[in-house]
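The values are calculated or read from the model by the stated rules, or taken from the named source; none is laboratory data. Please read all numbers here as calculations on a predicted model, not as lab measurements. Every residue, glycine among them, receives a Cβ derived from its backbone with ideal geometry; neighbour counts consider all protein chains shown.
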Amino acid sequence: MQYLAKYFNIIYNKKKHAEQEGCMNNMYKKIIQLTEDITPELVRQRRDFHKYPEVRWTEMRTASIIASKLTELGYEVLIGEQVCDSEPRVHVPSDEALKQAYQRAIAQGADPKFAEATKDGLTGVIGILRCGEGPTVAIRFDIDALNIEESQDPDHFPVQEGFASVNFGVMHACGHDGHAASGLGVAQILVQIKDQLHGTVKLIFQPGEEAGQGAQTIVDKGHLDDVDFFFGAHNSMRVSDVDVTPGICGSLATRRYNVMIKGLSAHAGLSPQKGNDALLAAATGVQNLYAIPRHGKGMTRINVGKFISGPSSNVIADEAYMEIEMRGENTELIEYMDHHSRRILESAAQMHGCTVSFKLMAFAPSLTCDLPLAEKIDRICKQYLNLNTTESPAMKVNGSDDVAHMIDRVRSHGGMATYLRIHNKQTTGNHNQRYNLDEEYMSRCVKIFSITAYELMK
């Protein structure tokens, strides 16, 4: 894109950098101080999001509050169907469940003006800040919670401080409450330095990251098609003295299927020979799924996370339902896992006189970052924030994230993208009922993102 060459010519022009160094240092100090000033507000906002968590496509309260605050700051705000294409969504609640989610959101303090736009489960928000001619910079923040019941142990920090989830069976067990609060923090900082920016900022608050295809819904709306620079981050438990991993490469591509095996019921005592046991077919398949040979070209994963079958112990099951997930380091490896998984389940079904059908529920490509952008963030972390980074700006990190859809779209038209891991002093890993985000994450994230946006748009 037109701004990329211009950007790198400027950034690496040492003479120009030296001439502007004093002014820039003042701006960096300003951004850092502004962030420190709003940190107590970020903590309050994060705890509010944590107390009222919402799973994919029900983030109505969360989205309405984000939209309201962005509007107050002077952003152009898109919400609901302006942001998300309904077609790619998976695991969408029923109409009745969406109605109940809306009613709960209103009762728990949603802004009615904006919540109305999310009633159908289209819960994305984008804040746009236009600062004249220049590159378009997009930053992504995910906002959904998980179907996990939060610990009520007295020593659990959210319980101690009175902000544990009040929504039964739902909690922010992956830190997206902190991600959302960080996004609002970045919004505040960039507004305050708007006169120093040239170009357009898009702050993307994404629903449905947790197996909902949320990123794809925003990509399909075209919101990444004009983006020159894109970045985002996820919190991570610290395992060394590293504070930030500026870029991720080789995160696992993933596919998730709902699998239905159909057989024929019969009386288990009187005439078992007359049935075709769907449960047995499924069990045969599950055993062999875990026996798929490892691949010499990289990492692969398979998991059966849900298995339901049979009405009673005396009935040959006529149906068996499974939810499976597979991962691979790249396209070749995810295709390898997909091929073998299908072949195994088809063979198992045939062996027991059953049929099998597959429904693709979610997918994400492997994540690849652009080293020049990762290196830039690496320098920012070291030079201005005194943070320790990984030995290489881009590292392989296990796991998957649907942000890869956004990154692929930006890179497909010549833009640059990277995705960070910001490491913190969390005591448990993600997706745990005792998970609690280290609130230092937010200040760190806001500083990194705000300074990066400034450097790209100054």
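Here are some notes:
- Here Ala211 clears all of (1) in a loop (DSSP other than H, G, I, E, B); (2) surrounded by 23 or more Cβ atoms within 10 Å (Cβ to Cβ); (3) out of contact with any Gly (no Cβ under 9 Å at 6 or more places or on another chain); (4) not basic (Lys, Arg) except the condition numbered (2).
- Answer residue from segment 309-324, given it is surrounded by 13 or more Cβ atoms within 10 Å (Cβ to Cβ) and over 30 Å from Ser366 (Cβ atoms) and is modelled with the lowest pLDDT among those: Gly310
- For Gly121, the stated conditions hold: it is at positive phi and in contact with a helix residue (DSSP H, G or I) (Cβ under 8 Å, 6 or more places away or on another chain).
- A single member of Ile316, Ile334, Ile308 is outside the structural domain of Met237 (by TED's automatic domain parsing), of a type outside the set (Gly, Ala, Ser) and under 30 Å from Gly124 (Cα atoms), and it is Ile334.
- Considering segment 402-427, the residues that are under 17 Å from Cys174 (Cβ atoms) and of a type in the set (Val, Ile, Thr) include one that is nearest to the chain's Cα centre (by Cα), namely Val403.
- Some residue of segment 46-55 being surrounded by fewer than 22 Cβ atoms within 10 Å (Cβ to Cβ), modelled with pLDDT of 95 or more, over 13 Å from Ala180 (Cα atoms) and under 23 Å from the mean Cα position of the chain (by Cα): yes
- In segment 232-261, residue modelled with the lowest pLDDT [restricted to those that are assigned to a loop (DSSP other than H, G, I, E, B) and within 30 Å of Phe358 (Cβ to Cβ)]: Gly250
- In the set Glu116, Glu87, only one residue is over 27 Å from Glu439 (Cβ atoms) and touching a residue at least 60 places away in the same chain (Cβ under 8 Å); that residue is Glu87.
- For Ser313: the one exception among (1) under 26 Å from Met237 (Cβ atoms); (2) part of a loop (DSSP other than H, G, I, E, B): (1)
- Qualifying positions in segment 81-97 - surrounded by fewer than 19 Cβ atoms within 10 Å (Cβ to Cβ) and on the phi < 0 side of the Ramachandran plot: Glu81, Gln82, Asp85, Ser86, Glu87, Val92, Pro93, Ser94, Asp95, Glu96, Ala97
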